Structures are given as structure tokens and as C-alpha cells.
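Notes to accompany the following structure.
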Amino acid sequence: MRRYTLHIVLFILTVASTLIVGGPAYSFTIILILLGHEMGHYLMSRRHQIRATLPFFLPLPLPPFGTLGAVIRMESSISSRKALFDTGVAGPFTSFILSIPAIVIGLKLSKVIPISHIQEGAIRLADPLLFYFLQRLVMGGVKEGYEILIHPIGYAGWVGLFVTALNLLPVGQLDGGHIAYALFGRRSRAIFLITIAVMAFITIFYNPGWLLLVILFIIFGFRHPSPLDDQTPLDGKRKFLGGLAFLAFILSFTPAPFPEYVEEIKQALGWF
């Protein structure tokens, strides 16, 4: 039991921090999405006989998320590209799938209100493509002068897409980096470089809120350990799933998730 103490304490603290930030509905939903993501990794690791820890949740009792997500730690080598791919793709596929019903349910519970009724300090969200499509499907168009007041469950689904997109960035040891390496082997370094260059471009010319992430990518984003069998390529089914992972990234990513903060960050950093 002692070996699980830290996992339990961090989980309880993350439940508390997400309750503080978003209330019970948000807390339950985002914890479910994050838990699904990490258990996807964990269960696939077990399937491929890779030793891995249970999830470590990361509490942060501050807006906008109330958490820094969750991680698991691999404690043994990965045997093959197949095992690397399966372990990497299982997490984001799970969080992507769980985010969809959360968004649909949340939108059904959301309200359309006049812009003049929006409280000062309310966070405005940029819609990833999938969120936009689901919003049009569930709520139709919104009249000019009105905005959607998103329900906490829908917001948790939005955060789920945000987490999925970040993890699917094909860089280093992110899930997307695992997928890219499994697909392309050592040639994936070129993909890492292109991704970092694109994120740097977005940071410099559009949204400096990514600055810290880009710095971390430059320091750590080119490294990826090889699996024990680095020669056997993936089968066609997994290559197809790799394409679906790229599609999930496109549907989930937005370059400025909190658009109202972009100008504030530029002013604070003295950005041009």
C-alpha cells in the first residue's frame, strides 16, 4: 500500500484543485479524461510487458485548468517500434474519444447569452476544429451579439482536446514523438525539427504564450531513445492509425487557445 501513497495523495489533491477551479462537474469530467489518457498508456504498456508506474496526477489550484495533467513513468526498455507505437497512441486516442461526449453533453447544457451579460474576467476560448463542428451540430449558429456560456462539462471536453493536441505534437518524448519515431525511426528527427520550427514561428509572430514550451522543445525535443528492435517497421494497420493520430491532432489543436491573453502576454514580454 505504501508504494501507492504518492499516487493517492496527488490524485486527491488534483481532485481538490480542479474542484476549486471549475466545480464538481468540471472536476469529475477532466479527471475522467486525464485518467483515461494515462490508463491507456498504462494498460498498453502492460500488454507489451513494459514496466510502468500508475499515473501521477499533477495538481495546480489555479485557472484555467486546475491541474498540469498526469504522467506515468516507464521503468523498462521498449522492445519494438510496434510496442512504442501502441503505447504512445493509446493515451491520446482515449482522451480524444472521451472528450467528444463531454463536449456534446456540455454544449447541450450550455446557454446562449448576450455578450453584454458576460462577466468581466470571463475566459474566452478559441475553438479547435472538432469543437467548432460539434458546436454547429449541437447548437447551430449563434446570432451576432451573443456568445455561448459553456457548461463546465463542455469546458472539460475542450481542455481534453487541448491536452490531446499538446501530447500529439511530434516532438521528443511526447506521445506524438513516440508515434513519429515508431513510424519513421531516426528520420523522425526531421519531423521534430519541423514541428519545433512551426511552433517557434507561431510563438514569434502570433502567440508568445508558447514561449516556454518552445524553449523546452529546443532543449529536450530532439532526443528519443531507440526501442530494442529499431529495424522492424510497422504494419499497414498501425500506419493507418498513425494517420488518424495526425488527423486527431489537426482537429484538436488551436494556435491561440486563449485569444484574449495574447495581447496581454505580448505587452508583458515587450513583444513586437
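Residues that are in contact with a helix residue (DSSP H, G or I) (Cβ under 8 Å, 6 or more places away or on another chain), assigned to a loop (DSSP other than H, G, I, E, B) and modelled with pLDDT under 95 do occur in segment 196-207. A count restricted to segment 53-104 and to residues that are of a type outside the set (A, V, I, L, M, F, W, C) and not in a loop (DSSP other than H, G, I, E, B) stands at 15. The C-beta contact set for segment 176-191 (first residue at positive phi, second residue assigned to a helix (DSSP H, G or I) and buried (at least 23 other Cβ atoms within 10 Å of the Cβ), distance under 8 angstrom, 6+ apart or interchain) comprises Gly185/Arg81. Summed over segment 129-153, the residues that are in contact with a strand residue (DSSP E or B) (Cβ under 6 Å, 6 or more places away or on another chain) and either free of Cβ contacts under 8 Å to residues at least 24 places away in the same chain or among the hydroxyl-bearing types (Ser, Thr, Tyr) (or both) give a count of 1. Across segment 234-260, the qualifying residues are those that are assigned to a helix (DSSP H, G or I) and either in contact with a Pro (Cβ under 9 Å, 6 or more places away or on another chain) or of a type in the set (Val, Ile, Thr) (or both), and the one among them that is surrounded by the most Cβ atoms within 10 Å (Cβ to Cβ) is Ser252. Looking across segment 138-152 at every residue that is over 26 Å from the mean Cα position of the chain (by Cα) and surrounded by 12 or more Cβ atoms within 10 Å (Cβ to Cβ), the one that is modelled with the lowest pLDDT is identified as Val142.
Look at Ile115 and say whether it is surrounded by fewer than 16 Cβ atoms within 10 Å (Cβ to Cβ) and either without any contact (Cβ under 8 Å) to a residue 12 or more places away in the chain or not charged (D, E, K, R) (or both).
When the stated conditions are applied, Ile115 passes them.
Looking across segment 1-41, not a single residue is outside any helix (DSSP H, G or I) and either under 15 Å from Trp158 (Cα atoms) or under 17 Å from the mean Cα position of the chain (by Cα) (or both). The residues of segment 181-202 that are among the β-branched types (Val, Ile, Thr) and either buried (at least 20 other Cβ atoms within 10 Å of the Cβ) or over 16 Å from Leu269 (Cβ atoms) (or both), listed by number, are Ile191, Ile194, Thr195, Ile196, Val198. So which residues in segment 153-195 are at pLDDT below 95 and under 30 Å from Ile113 (Cβ atoms)? If the condition is that a residue be at pLDDT below 95 and under 30 Å from Ile113 (Cβ atoms), then no residue fits.
Of all residues in segment 37-64, which are of a type in the set (A, V, I, L, M, F, W, C), surrounded by 20 or more Cβ atoms within 10 Å (Cβ to Cβ) and out of contact with any His (no Cβ under 9 Å at 6 or more places or on another chain)?
Start the filter on segment 37-64 by keeping residues that are of a type in the set (A, V, I, L, M, F, W, C), which leaves 39, 43-44, 50, 52, 54, 56-58, 60, 62.
Applying the additional criterion that residues be surrounded by 20 or more Cβ atoms within 10 Å (Cβ to Cβ) yields 44, 50, 57.
Selection gives Met44, Ile50.
Against the test of being touching a Ser or Thr at 6+ places or on another chain (Cβ under 8 Å) and of a type in the set (S, T, N, Q), the options Thr232, Thr203, Thr195 yield a single qualifying residue, Thr232. Go through segment 105-146 and count every residue that is among the aromatic types (Phe, Trp, Tyr) and under 25 Å from Val21 (Cβ atoms). Here the count works out to 2. Note on segment 65-85: among residues that are touching a Pro at 6+ places or on another chain (Cβ under 7 Å) and over 22 Å from Ile8 (Cβ atoms), the one that is surrounded by the most Cβ atoms within 10 Å (Cβ to Cβ) is Leu84.
The values are calculated or read from the model by the stated rules, or taken from the named source; none is laboratory data. This is a predicted model, so every value here is computed, not measured. In this analysis, Cβ positions are derived from the backbone assuming ideal geometry, glycine residues included, and neighbour counts consider all displayed protein chains.
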